[in-house]
Each structure stands twice: as C-alpha cells, then as structure tokens.
Amino acid sequence: MYDTYRTSAMNEKYYANRLTHLTNWNRYYEITLAIGTSTAIASWAIWDINSAAKAFRAVFSGLITLLAIVKPFLRLPEEIEKYSTLHTGYRALYLNLNSIVSTIRRKNGVTSDIQQLFDAAQEQYRSLALNDSVNINQAVLQQCQQQVIREIPVDKLWYPPSAQRFA
C-alpha cells in the first residue's frame with residue numbers, strides 16, 4: 001500500500017512540474033509568435049535605422065516563420081492536456097491513498113473496508129500508469145522522489161508489529 005501511496009505522491013509532483021514547465025514554454029512560444037507576427041511591430045521605424053537592424057529584422061522574421069510552421073507539429077496543447085489529466089489523476093489518487101493511510105494509522109490496522117478502498121485505488125493507479133509519459137525527465141523524477149522521501153519517510157508509516165506481520 002505504502003509503495004503505491006508514495007509513488008502516487010511522486011507522480012503527482014512530477015506531472016505538476018512537467019505541466020508547469022510545458023505551460024510556461026507554450027506561453028513564451030505564443031508570446032514570441034504574437035510579437036513576431038504583429039504588423040505593428042514590423043512597421044516600427046527602428047528596423048530601418050541601419051543595415052544591422054535590417055539584418056536582425058530579416059533573421060527575426062525568418063525565425064518567426066519557422067516557429068509558425070513547426071507549431072502544429074510540436075502538439076503543445078495536446079501535451080499540456082495529457083500532463084494536466086495525469087497531474088489531476090495522480091493528485092486525486094494521492095488524496096485517496098492519503099485518506100486510506102490516515103485511516104490505517106487511526107485504526108492501527110488494515111480492515112476489509114480499507115482493503116477494498118485500496119483495491120479501488122490500485123485500479124485507479126493502473127489506469128493512470130497506462131497513460132504515463134514515455135519520455136521521463138530523470139532529473140526531475142529524482143527531485144520529486146527525494147521530496148517524497150523527505151515528506152513521507154518510511155519510518156512514519158504504520159506497520160503491524162513483527163509478530164503479526166508473519167502470522
């Protein structure tokens with residue numbers, strides 16, 4: 001149970017990070033395109049001051065054209081939607097499992113009701129895992145893992161006494 005609990009916490013943090021990163025990247029991309037394709041900015045007299053300004057204008061225009069051409073192939077809105085769905089799903093799963101863990105701690109054990117709740121959470125986890133990203137940023141994942149280790153240390157989780165574990 002606790003592995004799923006901690007993994008869901010890590011995944012929630014990971015997809016929150018990736019969603020924030022991708023949303024910011026998309027925002028800057030859109031702002032760059034909006035500025036670059038604006039006829040008002042293109043008509044500024046500053047672009048005609050000297051040959052360096054004209055060269056910069058040509059390079060900038062070419063860059064904006066390339067960005068506009070490749071934009072549909074980047075599929076940023078689809079990726080943002082995917083990360084948003086995964087983040088929300090793992091957040092809901094984490095909250096469900098956190099409730100289960102709190103109940104286990106309060107009751108000092110695992111009841112059949114708790115086991116049923118956990119089984120449902122396991123199905124939710126499997127469903128989310130099927131849609132996990134294929135290209136994982138290992139550095140970000142390790143940061144999230146370390147954060148979970150600090151926030152949910154194993155020694156703070158409830159386990160049955162040794163005699164009960166193997167009975």
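One table, with the values for the structure above:
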read-out: Helices (runs of 4 or more DSSP H) within segment 69-154 that include 2 or more residues under 21 Å from the mean Cα position of the chain (by Cα), within 29 Å of N24 (Cα to Cα) and among the acidic types (D, E); value: 76-107
read-out: Breaking point among (1) surrounded by fewer than 14 Cβ atoms within 10 Å (Cβ to Cβ); (2) of a type in the set (S, T, Y); (3) within 30 Å of Y5 (Cβ to Cβ), for Y125; value: (1)
read-out: Set L93, L63: member being surrounded by 16 or more Cβ atoms within 10 Å (Cβ to Cβ) and either touching a residue at least 12 places away in the same chain (Cβ under 8 Å) or under 17 Å from A121 (Cβ atoms) (or both); value: L93
read-out: Qualifying residues in segment 155-167 (those that are assigned to a helix (DSSP H, G or I) and at pLDDT 65 or above) - the one surrounded by the most Cβ atoms within 10 Å (Cβ to Cβ); value: K156
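The values are calculated or read from the model by the stated rules, or taken from the named source; none is laboratory data. Everything numeric here is computed off the predicted structure, so don't read it as measured data. Note: ideal-geometry Cβ built from the backbone for every residue, glycine included; neighbour counts use all protein chains shown.
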